[in-house]
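Here the structure comes first, spelled out in structure tokens, and everything after it is commentary.
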Amino acid sequence: MCKIKSIFSSLSIYFTTFVAKAGDPLKKGFFTFREYMKKDDLLTASMEDYLEMIYRLSQYIGFTRIHDLAAALNVQPPSATKMVQKLADAGVVNYEKYGIVLLSDKGKEIGEALLERHQIIEDFLKLLGIIENVLEETEKIEHTISTKTLECIADFVQFLKNSPDLIKEFETYRVNK
Ligand code: CO
């Protein structure tokens, strides 16, 4: 990997973090996500699902394998290989030998934004009291939501998380309505 490129990417991450108030991971994710959304239609919904999962699986060990990816997404390994090759063509992963899938810098940045988006929507649905099919609902919503709406939802989720009394009040209201 080119060193200059990686320095630039760290600088841009530092800058967005600084602008968005250091230490606020939600805001940081947003800026990354907004940047990603500017390059509109870079990835299809299905490619996004794969990239999000590759990012999740790579979080601790730095890479994932085709078999683990296929198992996590409940697909057959040949389908996963096909999609990983598309992601490699888009420059977000490197996939060469032994079934090992490595994220590129761009892939890490987008993967992080996709995971952030997923978490914001999932948190929002849970705050609404949705328990059943939260994952499925999140997966359906995440590909169609606009950046602006996602930002508003993130603010709302953060606001409520900072005000546990309001969450309790809302739950009581729903039980008694
Ligand atoms: Co997702």
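Only the coordinates and a few stated rules stand behind these numbers; no lab work does. What you see is a predicted model, and the numbers here were worked out from it, not measured in a lab. With ideal geometry, Cβ positions are generated from the backbone for all residues, glycine too; neighbour counts draw on all protein chains shown.
If I stretch the segment between residue 60 and residue 82 completely, what's the gain in nm (0.36 nm per residue apart, minus their alpha carbon distance), one decimal?
Working: separation 22, 0.36 × 22 = 7.92 nm, distance 2.44 nm.
Working it through step by step, the gained length comes to 5.5 nm.
Could you compute the FRET efficiency for residue 174 and residue 44, with r as their C-beta to C-beta distance and R0 at 41 Å, rounded to 0.05? Let's see the in-between values first.
Working: r = 37 Å, r/R0 = 0.91.
Computed FRET efficiency for residue 174 and residue 44 comes out at 0.65.
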Residue separation times 0.36 nm, minus the C-alpha to C-alpha distance between residue 71 and residue 149: what's the value?
24.9 nm
Give me 56, 174 ranked fewest to most by other Cβ atoms within 10 Å of their Cβ, as a rough exposure proxy.
174, 56
With each label point set 7 Å from Cα along the Cα-Cβ vector, what nm distance links residue 161 and residue 131?
2.2
Count of lysine pairs, region 82-140, Cα-Cα under 26 Å, sep. 8 or more residues or interchain, comes to 13
